[in-house]
Amino acid sequence: MTDAARLADDDPVTLKEACTLFLRGVVQPDTLREAIKAGKLSAERIGRGYCVTRADIREWRERCRVNAKDQGFGCNPQGPAVKAAPPKRQSGSSGTEVVNIPLAAARISLQKLKEDSRTTSRKNTTRR
């Protein structure tokens, strides 16, 4: 086994050594092999096996990094998060359907557009 402190960024090591030295055993050589086959990890083919460098592993890890999701959303993602109040139910013996106001407004607008729309071509009265 090689000492990681004495390795340069471009010194090739086996996949097993890379897992131990650079990744502290978090992943197995098979994981690195699959990343190489998928084109996600650069490697060298030396003999029958693959070799990677510290720089290769560093670049692969950067590509695999998952950034934290933004906490904000909507039109003002930087502003404080505001929780919407739950829709109120009407009183009565049975549950009343909660109306989606923006959807209802869009449907009304669409219906008006359909009604106001006139045909632009003359009516075909001749038979063929």
**Request:** Return the total of residues in the range 3-13 being closer than 19 Å to Arg45 by Cβ and part of a loop (DSSP other than H, G, I, E, B).
**Result:** 3
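Taking the range 15-34 as the search range and keeping residues that are of a type in the set (D, E, K, R) and under 15 Å from Gly49 (Cα atoms), which one is surrounded by the most Cβ atoms within 10 Å (Cβ to Cβ)? Before you say what the answer is, go through the steps one by one.
First, the residues of the range 15-34 that are of a type in the set (D, E, K, R): 16-17, 24, 30, 33-34.
Remaining after also requiring under 15 Å from Gly49 (Cα atoms): 16-17, 30, 33-34.
Numbers: Lys16: 13, Glu17: 17, Asp30: 10, Arg33: 15, Glu34: 13.
Going through the qualifying residues, I end up with Glu17.
Name the residue, out of Lys40, Lys16, that is part of a helix (DSSP H, G or I) and modelled with pLDDT of 90 or more. I'd like the intermediate steps shown before the answer.
Working: Lys40 fails: part of a helix (DSSP H, G or I).
Within the list Lys40, Lys16, the selection yields Lys16.
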**Prompt:** Any idea which of Asp30, Asp70 is at pLDDT below 95 and under 26 Å from the mean Cα position of the chain (by Cα)?
**Reply:** Asp70
**Message:** Return the residues of the range 35-57 that are surrounded by fewer than 16 Cβ atoms within 10 Å (Cβ to Cβ) and in contact with an Asp or Glu (Cβ under 8 Å, 6 or more places away or on another chain); say none if nothing qualifies.
**Reply:** Ser42, Ala55
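The values are calculated or read from the model by the stated rules, or taken from the named source; none is laboratory data. None of the values given here were measured: they were computed from a predicted structure. With ideal geometry, Cβ positions are generated from the backbone for all residues, glycine too; neighbour counts draw on all protein chains shown.
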